[in-house]
Amino acid sequence: PDKISRNNHPFSPHCISDSLMDHGLHSAACESTVQIHVLDDRMDEFMCCAAAAIARTLPLYHSKSKSTMKEESENEQNTATTTTASSGVNVSFYNDKGEAIANDSLWKTSRAVAEGVRLSARLGDMPPAELNPDTYARECKAVAEALVSNNGANVTFREIVGEELKDGGYGGIYGVGMAAQCPPRMVVMTYTPEEDGGECCAVEHVVLCGKGVIYDTGGLGLKPKDGMCGMKHDMGGSAGVLGGFQAAVQLKLPRKITLILAIVENAIGPNAFRHDDILTMKSGKTVEINNTDAEGRLVLADCVSHASNCLGGVDVILDMATLTGAVSITTGKKHAGVLAKTRVMEERIFKAGMKTGDLVYPML
């Protein structure tokens, strides 16, 4: 577009995603090799958000029935002469002169962001029968181990589980998740950038906190049946910061990054926390419960308190969460709502979103 409002994106990356999904990119990529060419006069500026927009249309998770997969396999065999030997998507980026973008740093950044997007999407697409607090923690550990083995990164992994949460004073996370079959936990992963001599070279310490409610029934404040569908996505904030953490480490950013995820299931059972209960949070503050379906702020409060009081030298604390459906009414479906303590931080988040195509809108 020639003119846009200040909170929209000049490249309109959502249009790329919508167009590719409308034309069945994912199905086509499963059957043959698809070549995508992206051309723009500002491609050096927008390549990263274009890569992320394409990545959003290529989900990694599927759970098709065996009969369906068998039929597809038979169809592939019957049409072997008309399909290519390999399948997938190849993407090329060009400037307005038709010259391919050859900036190695830009390619690495775009690839890392795209891989982070697809990791987040895969976790968000998994049903709660497959992604429970136990398996989610194992996914996080696998990410940490891969970053160490493949990138040589200094990444540590720790999880605080079940009764250890209670004993440690994490009353919000423990209270919300104590009724579930799998115990609640807090996962902490830390990346420390190092120079050749092994000295830390971080310019700041950033903490990413994520709400990881793998399924939200609403607890004893039970959601209606129509309101419960899709609640597997209530861990989307944690998946988003996990994907961001992976990308940042792959790119070896000169920042110490700590990832804190509250991984719980807000279930119903004899041990479920109740309306009128009073929980003691990690901060020492007490919280009276009047809605068990407002659990996100409880688990995030413990994450933020851990970041503020248990870690040293923290410069930035950022939390991401599917906190309330009301935000879609406030900012729409293409903008995340942002609440920042300072105008400088608000502007920093806004500019980061413009680089990746993740649009945000200030709430205050």
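The values are calculated or read from the model by the stated rules, or taken from the named source; none is laboratory data. Since this is a predicted model, take the numbers as computed values, not measurements. So basically every Cβ, Gly included, is an ideal-geometry build from the backbone, and we count neighbours across all protein chains shown. SASA here: full protein model, heavy atoms, side chains in, ligands and nucleic acids out. Shrake-Rupley method; radii C 1.70, N 1.55, O 1.52, S 1.80 Å.
Distance from the Cα centre of the range 126-151 to that of the range 192-258, in angstrom?
If we compute the Cα centre of each part, the gap is 12 Å.
Before rounding to the nearest 500, sum -39500 (n - 2.57) across all DSSP H runs of length at least 4 in the chain and divide by the residue total; then give [θ] at 222 nm in deg cm²/dmol.
So the helix-based figure for the chain works out to -12500 deg cm²/dmol.
Quick one: of the DSSP bridges fully inside the chain, what percent are antiparallel, nearest 5? Present the calculation step by step, with values, prior to reporting the outcome.
Details: 19 of 45 bridges.
Percent antiparallel among DSSP bridges in the chain is about 40.
For the chain, calculate the relative contact order in percent as a whole number, restricting contacts to Cα pairs under 8 Å that are 6 or more residues apart.
Answer for the chain is 18 percent.
Which of rounded, prolate, oblate describes the range 92-202, given a ≥ b ≥ c as roots of the alpha-carbon gyration tensor eigenvalues and a/c under 1.5 marking rounded, otherwise prolate only if a/b is larger than b/c?
Judged from the Cα gyration tensor, the range 92-202 comes out oblate (a/c at least 1.5, b/c at or above a/b).
Name the GluC sites (Glu not before Pro) in the range 170-202 that are in a loop by DSSP and that have at most 12 other C-beta atoms within 10 Å, would you?
E195, E199
Considering only protein heavy atoms, what per residue accessible area in square angstrom results for the chain with a 1.4 angstrom probe?
Working: 19350 Å² over 364 residues.
Roughly 53 Å² per residue, with all protein chains present.
What part of the accessible area of the chain, given as a whole %, is carbon or sulfur when the probe is 1.4 angstrom?
In the chain, the share of accessible area belonging to carbon and sulfur is 51 percent.
At 7 Å along Cα-to-Cβ for each site, give me the label-to-label distance between K108 and L253 in nm.
Distance between label points: 1.5 nm.
Roll a 1.4 Å probe over the protein heavy atoms and report the accessible area of F93 in Å², nearest 10.
Solvent-accessible area, nearest 10 Å²: 10 Å².
Compute, for V203, the solvent-accessible surface of its heavy atoms (probe 1.4 Å) with the complete set of protein chains present, and express it in square angstrom to the nearest 10.
Surface accessible to solvent at V203 totals approximately 100 Å².
Please state the shape class of the range 282-336: rounded when a/c is under 1.5, otherwise prolate if a/b exceeds b/c and oblate if not, all from the C-alpha gyration tensor.
Judged from the Cα gyration tensor, the range 282-336 comes out oblate (a/c at least 1.5, b/c at or above a/b).
For the chain, what value does the Rg/Rh ratio take when both radii are computed over Cα atoms and Rh is the Kirkwood radius, given to two decimals?
Here Rg/Rh amounts to 0.98.
Any of K141/K351; K211/K256; K225/K341; K232/K252; K141/K355 with alpha carbons more than 26 Å apart? Name them for me.
Table pairs above 26 Å Cα-Cα are K141/K351; K225/K341; K232/K252; K141/K355.
At a Förster distance of 30 Å, what's the computed FRET efficiency of Y61 paired with N8, Cβ-Cβ distance as r, to 0.05? Display every interim value, and only then the final one.
On the way: r = 30 Å, r/R0 = 1.00.
E(calc), rounded to 0.05, equals 0.50.
Can you sort H14, H205, H62 by 1.4 Å-probe accessible area, starting with the largest? Don't jump to the answer; show the numbers that get you there.
On the way: H14 65, H205 10, H62 110 Å².
Correct descending sequence by accessible area is H62, H14, H205.
Return the distance in nm (one decimal) between the two label points of a simple spin-label model at N90 and R274, each offset 7 Å from Cα along Cα→Cβ.
6.5
With every protein chain present, what accessible area does E115 have (1.4 Å probe, heavy atoms only), rounded to the nearest 10 Å²?
80
Please give the contour-minus-distance gain from E115 to K333: 0.36 nm per residue of separation, less the Cα-Cα distance, rounded to one decimal in nm. Mind showing how you got there, number by number?
Details: separation 218, 0.36 × 218 = 78.48 nm, distance 2.27 nm.
Net length gain for the segment: 76.2 nm.
Could you check the simple spin-label distance between I36 and E347, using points 7 Å along Cα→Cβ, in nm with one decimal?
My value for the distance between the label points is 3.3 nm.
If a/c stays under 1.5 just call it rounded; otherwise compare a/b with b/c (prolate if a/b is bigger, oblate if not). Do that for the range 137-183, with a ≥ b ≥ c from the square roots of the Cα gyration tensor eigenvalues. Please list the in-between numbers first.
Details: a/c = 4.46, a/b = 2.43, b/c = 1.84.
Prolate shape, in that a/c is at least 1.5 and a/b is the bigger ratio.
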